[in-house]
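Since the structure comes first, as structure tokens, the remarks are kept for the end.
Laboratory data are not the source of any read-out in this text; all were calculated from the coordinates shown. Owing to the predicted nature of the structure, the values given are computational and were not obtained by experimental measurement. Heads up, the Cβs are rebuilt from the backbone with ideal geometry, glycines too, and the neighbour counts pull from every protein chain shown.
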Amino acid sequence: MNHSVPFSFYLNLGKQIYIKIRNFHIQLNLFKGCIKGKGVLMSFFQNENQREYIEKLAMVTEKFSERAQMLDETRGFPFQNIQDLKDFGYTKLTLPKEYGGLGGGLYEFLLCQEKIAEADGSTALSIGWHVGITHQLKEKNSWNADVLQEVFSEIGQGALLNSAATEAKTGSPTRGGRPGTTAIFENGKWILNGRKTFTTLSPVLDLIQVSAWVEEDEGIGWFLVHREQAGVSFENTWDMISMQGTGSHDLILDRVEIDPNYYIEKPGRRKTQGEGWLLHIPACYIGIAGAARRYAIQFAKTYTPNSLNSPIKDLPNIQRQIGEMELQYIQARRFLYSVAEKWEEDRDKRPELSRELGAVKTAVTNASISIVDKAMRVVGAKSLERSNPLQRYYRDVRAGLHNPPMEDAAISVLAKSVLED
Ligand SMILES: Cc1cc2nc3c(=O)[nH]c(=O)nc-3n(C[C@H](O)[C@H](O)[C@H](O)COP(=O)(O)OP(=O)(O)OC[C@H]3O[C@@H](n4cnc5c(N)ncnc54)[C@H](O)[C@@H]3O)c2cc1C
């Protein structure tokens with residue numbers, strides 16, 4: 001038998017090299033830095049900088065995979081992972097360059113979030129809020145300029161930021177319920193009182209955007225709260241089977257005095273133009289699914305029960321599961337990154353594209369849940385062992401259903417967009 005590899009190679013005078021090995025056609029885009037071709041996993045890098053950054057980030061996140069099981073079992077918070085990301089500079093990824101940031105955009109943010117989530121979903125979702133909100137602030141630029149500058153400078157020095165909007169009585173703030181947290185103006189200060197649930201990153205947060213009912217303005221306003229302020233505390237209430245490591249405890253506000261400058265958004269001022277940043281949510285869940293997919297493929301290649309003469313990868317039923325998993329994985333990532341690319345490319349198209357943001361979130365989250373399910377079917381009962389990462393992916397990936405936008409709302413937006421056109 002001839003074992004020589006049929007191989008051909010030519011260089012396009014433009015920017016590409018074509019390589020043919022047996023039936024595989026590989027196209028290397030020299031300047032775009034991506035590899036395309038039949039039989040080759042497609043990468044989504046737009047340029048060499050992104051590839052290099054993700055490769056370096058992957059060296060940091062390798063340790064997250066090793067820590068994930070212990071953190072999950074002990075219900076711990078990933079302090080070390082967050083510190084490692086800070087040391088690497090990731091918390092400044094989307095911060096404008098003049099504040100010491102990298103000035104990164106939405107697309108690279110999503111690539112990074114997916115990579116971090118492959119290693120640890122909780123760490124990815126947690127840091128995703130901070131990096132995403134920083135991006136949103138840069139895009140919207142709707143705060144008082146002095147406060148925005150101050151916040152960007154603090155982020156440049158390592159401060160972490162998130163929003164606290166959910167409350168036990170309102171449920172998801174996207175439903176428009178009136179917050180029980182109140183802001184009342186007394187003696188030249190706003191006084192905040194209330195309790196927020198689901199405050200992700202709470203063990204390490206420095207700055208918190210808090211929503212409150214403002215009686216004077218008859219609506220929901222936003223205030224910037226500093227962790228060290230008198231009357232701010234956290235109660236360790238977060239006890240979940242999914243994404244336990246996000247540290248999403250309750251935030252308590254007991255007569256917290258807020259300077260009028262930190263009344264950052266008056267009712268009705270929230271603009272929707274920057275909402276592309278919320279794609280960090282589907283990026284996180286497809287990252288978790290990617291880890292499950294990789295585990296199942298490796299398992300199928302190496303597991304040979306003694307009823308068989310070769311690994312289970314050769315069985316038609318396993319190939320079917322893996323093929324279907326691959327179909328969903330490709331669809332989900334293509335959808336996510338193509339919408340992200342369009343969102344960044346053309347600001348004028350954003351109002352039109354905004355309905356697709358909810359569609360991406362819904363489709364990618366559901367695909368992620370289904371991919372993890374299929375990966376577990378491939379692995380069989382071993383996927384349920386406590387020491388097996390698949391059971392953690394299975395629990396973590398479900399949280400995506402309860403992050404915004406909610407599925408029924410996203411579907412309704414799509415329906416209305418065509419019915420009321
Ligand atoms: C891991 C994780 C991290 C989070 N981090 C944060 C964070 O950092 N900051 C933050 O503010 N929030 C955070 N959240 C909270 C999140 O944004 C939601 O507010 C929370 O999950 C509650 O959503 P829910 O749909 O379960 O609750 P609910 O809104 O109470 O809904 C419960 C059920 O009732 C239905 N329902 C309720 N109201 C309506 C309505 N008006 N119309 C139609 N159906 C309705 C829902 O569809 C659902 O079936 C986080 C959540 C998770 C899971």
With everything on Cα atoms, drop me the angle between helix 350-379 and the longest principal axis of the chain, reported from 0 to 90° to the nearest 10. 50 degrees
Report the Stokes-Einstein translational diffusion coefficient (µm² s⁻¹, integer) for the stretch 279-370, Rh taken as the Kirkwood radius over Cα pairs, at 10 °C with viscosity 1.306 mPa s. 108 µm²/s
For Met70 and Glu326 in one chain, what is 0.36 nm times their gap in residues minus the Cα-Cα distance, to one decimal in nm? 89.2 nm
Within the stretch 380-401, whose backbone N sits under 20 Å from a point 7 Å along Cα→Cβ of Thr304? 380
Tell me the relative contact order for the stretch 276-419 as a rounded percent, counting alpha carbon contacts under 8 Å between residues six or more apart. 35 percent
Between Lys56 and Glu235, what is the label-point separation in nm under the 7 Å Cα-to-beta-carbon projection? 4.4 nm
Here the relative contact order (percent) of the stretch 161-265, from C-alpha pairs under 8 Å and at least 6 apart, is 31 percent
Among Asp72, Asp120, Asp239, what is the fewest-to-most ranking by other Cβ atoms within 10 Å? Asp239, Asp72, Asp120
Using the 10 angstrom Cβ neighbour count as an exposure proxy, how do Lys301, Lys374 rank, fewest first? Lys301, Lys374
